[in-house]
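Take a look at the structure below.
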Amino acid sequence: MRNFILACLLVLPSVAQAVTVDEVLAKVDSNLTYDTRESSLTMTVVKSGRTKTYKMHSYGRGQEEMAMEYLEPARDKGTKMLKKTDELWMWLPSVEKTQKISGHMLRQGLMGSDMSYEDLMESSRWRDMYGGTVAGEETIDGHKVWKIDLTAKDTTVSYPKRVIWVDQSNYIPVKQELYALSGMLLKSWTMTDVRLIEGKEFPMKMVITDKLQAGSTTEITFDSVTFKVALQDEVFSTRWLER
Amino acid sequence: MSLLLSLAMRNLGRNRRRTVLTALTVTLGTALLTLALSMLNGILGATLEKAAGMAGHVRVVDVDYARREQLMPLAENLPDVAAVLAAVQGQPHVLAAYPHIAMGVTGAREDQEIGERFALLHGAPEAYYRDVLHLDQFLASGAMPTADDEALVGRAFAEEIEAKVGDSLIVFGQTQDGSPAPARLKIAALVDLGSTTQNRQIWVAMSKAQWMADLDGGATEVLIQTDDFERAVDVAAGLRDLPALATYDVHAWDERSPYDQIGGLMTAIQSIAASIIVFITGLGVLNTMFMSVLERTAEIGVMRAFGLRRWQTVLLFFFEAFVIAALGGAVGIALGATGATIFGRVGIHLGEGASKMPATIPINETIYPHLTPDILVTGFMLGLAMAVVGGFLPALRASRIQPIDAMRQHR
């Protein structure tokens, strides 16, 4: 009997710590999604030995709506983007024309960055898109993380396979590897500088690396982020684009 | 051997009409061959000269651009074109050098949505469009651009977007960094180069393409015109030694795909034409030589009975054919060379349709046969080959004649 109690005591902590992928993804989704958000960003793209820096201001409402305006560099100033559900529009001030981003263009990099327009269009929560297994536990930068292998429920998504490393302390996917259906590694994506903003753990810095383009990397830094802001409907309209 | 040769010469005089007829066949074949090879040389030479001009007799590009040029990687550009131009200008055999940018764009008329209608957009100095591409000679309507925001548009692309001269065209490309590069252009003229592929292009001012690609003062390539496109390889080798070009890819047009295959293609076309003429003329020689064998069967039988060996019989007829071919070939070469020289001066007009061929195979309206010493030697040698081809079978047949059979048949 004494041995049985001892065995139970040894086993119980590991049972208590066991998590399901659904639970982890639900908490990750909770961190990375929002009702409304207003932010200022700096995007630095390094490609072919050249560095280009963009400054943007963006507004988001839920997962379906996003509006973004480019402030710098001068060449791209005034360029705006509007995402409405599964459609993406771009206002081109130099020709005063709205361009719908569709077809092959969706796979191109946002302003030549390693983040594609398709990445920007991703609107579903991970919990709805993926299922998977916890592959193990590791330590990254002193933080304990779960390594989780994810497989898309619908293989037509941009990345049918993902491997994510989720920080056990804040449920932020500090590292991701994004794969094609064939198993080819397409991109890596890290999220760091996590801050608690209005009760939400949020990564202020992301680094995306396109594994198919040598020497190509994109760093996105949030200069400011505000959640639960009141946003006018007009911000997410074509009127705002062409204003 | 000298007996066989004198016998052959005597035999040629026995039936002069047949000898003249055979010699005329060889003359005609050789003359035709010389003229045909000169014409092909003229056509292909002019075509290659045009193709080489469009591609740049010598091209200077970034090494990585050369490696991935099918993707037109704007990021792999020549950032300081002025330095490249300064380095090449004044070099031996260099006539002119032009910066050039090529980029893929989608385009639409002002009132249309920018869709997925693709075109290849070029940016280059106007002199390149006029002096190298001769676009001013291919205008279907309109006039050459006079302002930076004006463009020449290929007819197929214009038809696809239902645009005409004077319409506003919105093109949407990408900068070298991949950010959007839209531009509004006014269609100055429609260009008809004769093929749909070639007519899906847009030509704009260098400054406009530089702005679109965000290549201020840069270009993706520098195209160099030399005084002799056939010696471009030597010029390229000389330019590669310049310190200013040491880090770039500098190659002649015929060292680059697809033009590096053209030399082989030219040889193949000339070989096919020559083979056809040699075969037809050889048949003529074959016919008259067979007649000669049949007529002289009894004589051959007697000679064989007196000890003429089979190989000597073959040699006898071979000598006859060879002498005819040498005489006929010499006259044929003279006639063919005269024709090629005359047509080389006045030209052979093919009609306007020829110049409307696809620009990747640019053919002139008038072709000028180009006679070279190589062609004269080839024509004469092939004239002899005609005799060998045409004379071999009859000679072989003659050698197989049994003396007793020959004498019995002609008793």
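Condition check ((1) under 30 Å from B:F343 (Cα atoms); (2) in the same structural domain as B:K164 (by TED's automatic domain parsing); (3) at pLDDT 90 or above) across all residues:
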{"site": "B:H57", "(1), (2), (3)": "yes, no, yes"}
{"site": "B:D64", "(1), (2), (3)": "no, no, yes"}
{"site": "B:E69", "(1), (2), (3)": "no, no, no"}
{"site": "B:D80", "(1), (2), (3)": "no, no, no"}
{"site": "B:V84", "(1), (2), (3)": "no, no, yes"}
{"site": "B:P92", "(1), (2), (3)": "no, no, yes"}
{"site": "B:D111", "(1), (2), (3)": "no, yes, no"}
{"site": "B:R117", "(1), (2), (3)": "no, yes, no"}
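Could you give me the residue pairs with C-beta distances under 7 Å whose first residue belongs to the range A:97-110 and is within 8 Å of another protein chain (Cβ to nearest Cβ), whose second residue is assigned to a helix (DSSP H, G or I) and not aliphatic (A, V, I, L, M) wherever it lies, and which are 6+ apart or on separate chains?
Pairs found: A:Q108/A:Y117.
Among the listed residues B:P92, B:P79, identify the single one that is touching a residue at least 60 places away in the same chain (Cβ under 8 Å), within 14 Å of chain A (Cβ to nearest Cβ) and surrounded by fewer than 18 Cβ atoms within 10 Å (Cβ to Cβ).
B:P79
Give the residue that is surrounded by the most Cβ atoms within 10 Å (Cβ to Cβ), with candidates limited to residues of the range A:76-95 that are modelled with pLDDT under 90 and farther than 15 Å from A:L106 by Cα.
Checking each candidate, the answer is A:V95.
A:K175 is checked against (1) away from every other protein chain (no Cβ under 14 Å); (2) free of Cβ contacts under 8 Å to residues at least 40 places away in the same chain; (3) touching a Leu at 6+ places or on another chain (Cβ under 8 Å) and fails just one. What number does that condition carry?
Unmet for A:K175, out of (1) away from every other protein chain (no Cβ under 14 Å); (2) free of Cβ contacts under 8 Å to residues at least 40 places away in the same chain; (3) touching a Leu at 6+ places or on another chain (Cβ under 8 Å): (3).
Every residue in the range A:86-96 that is in a loop (DSSP other than H, G, I, E, B) and either touching a residue at least 60 places away in the same chain (Cβ under 8 Å) or within 14 Å of chain B (Cβ to nearest Cβ) (or both), please.
A:P93, A:S94, A:V95, A:E96
Restricting attention to the range B:215-238, which residues are over 26 Å from the mean Cα position of the chain (by Cα) and either farther than 30 Å from A:R75 by Cβ or buried (at least 23 other Cβ atoms within 10 Å of the Cβ) (or both)?
Listed by number, the residues that qualify are B:L215, B:A219, B:T220.
Identify, from the list B:L239, B:L223, B:L215, the residue that is outside any helix (DSSP H, G or I), aliphatic (A, V, I, L, M) and out of contact with any Gly (no Cβ under 6 Å at 6 or more places or on another chain).
Sole residue among the options that is outside any helix (DSSP H, G or I), aliphatic (A, V, I, L, M) and out of contact with any Gly (no Cβ under 6 Å at 6 or more places or on another chain): B:L215.
Could you figure out which of (1) within 14 Å of chain B (Cβ to nearest Cβ); (2) of a type outside the set (D, E); (3) buried (at least 17 other Cβ atoms within 10 Å of the Cβ); (4) in contact with a strand residue (DSSP E or B) (Cβ under 6 Å, 6 or more places away or on another chain) isn't true of A:K161?
Only one criterion in (1) within 14 Å of chain B (Cβ to nearest Cβ); (2) of a type outside the set (D, E); (3) buried (at least 17 other Cβ atoms within 10 Å of the Cβ); (4) in contact with a strand residue (DSSP E or B) (Cβ under 6 Å, 6 or more places away or on another chain) is unmet by A:K161, namely (1).
In the range A:104-152, which residue that is modelled with pLDDT of 90 or more and of a type in the set (S, T, Y) is surrounded by the most Cβ atoms within 10 Å (Cβ to Cβ)?
A:S113
Give the residue, chosen from B:V61, B:V26, B:V105, that is in a helix (DSSP H, G or I) and either in contact (Cβ under 8 Å) with a residue 12 or more places away in the chain or over 20 Å from B:E255 (Cα atoms) (or both).
So the residue among B:V61, B:V26, B:V105 that is in a helix (DSSP H, G or I) and either in contact (Cβ under 8 Å) with a residue 12 or more places away in the chain or over 20 Å from B:E255 (Cα atoms) (or both) is B:V26.
Only one of B:F138, B:F157 is surrounded by 21 or more Cβ atoms within 10 Å (Cβ to Cβ), away from every other protein chain (no Cβ under 14 Å) and closer than 25 Å to B:L95 by Cβ. Can you tell me which?
Selected residue: B:F138, the only one of B:F138, B:F157 that is surrounded by 21 or more Cβ atoms within 10 Å (Cβ to Cβ), away from every other protein chain (no Cβ under 14 Å) and closer than 25 Å to B:L95 by Cβ.
Can you pull out the residues in the range A:51-64 that are at pLDDT 90 or above and either more than 19 Å from the chain's Cα centre (by Cα) or not aliphatic (A, V, I, L, M) (or both)?
A:T51, A:K52, A:T53, A:Y54, A:K55, A:H57, A:S58, A:Y59, A:G60, A:R61
What's the number of the condition B:E255 fails, among (1) touching a residue at least 60 places away in the same chain (Cβ under 8 Å); (2) not assigned by TED's automatic domain parsing to the domain that holds B:T34?
(1) is the only condition that B:E255 fails.
For the range B:169-187, state whether one or more residues are touching a helix residue (DSSP H, G or I) at 6+ places or on another chain (Cβ under 6 Å), in contact (Cβ under 8 Å) with a residue 24 or more places away in the chain, of a type outside the set (D, E, K, R) and over 30 Å from A:T217 (Cβ atoms).
No, that holds for no residue.
Can you name the residue in the range B:177-193 that is within 36 Å of the chain's Cα centre (by Cα) and surrounded by 20 or more Cβ atoms within 10 Å (Cβ to Cβ) and is also farthest from the other protein chains (Cβ to nearest Cβ) among such residues?
The residue in question is B:L193.
The values are calculated or read from the model by the stated rules, or taken from the named source; none is laboratory data. None of these values were measured; they are calculated from a predicted model. Methodologically, a virtual Cβ is constructed for each residue, glycine included, from the backbone with ideal geometry; neighbour enumeration extends over all protein chains shown.
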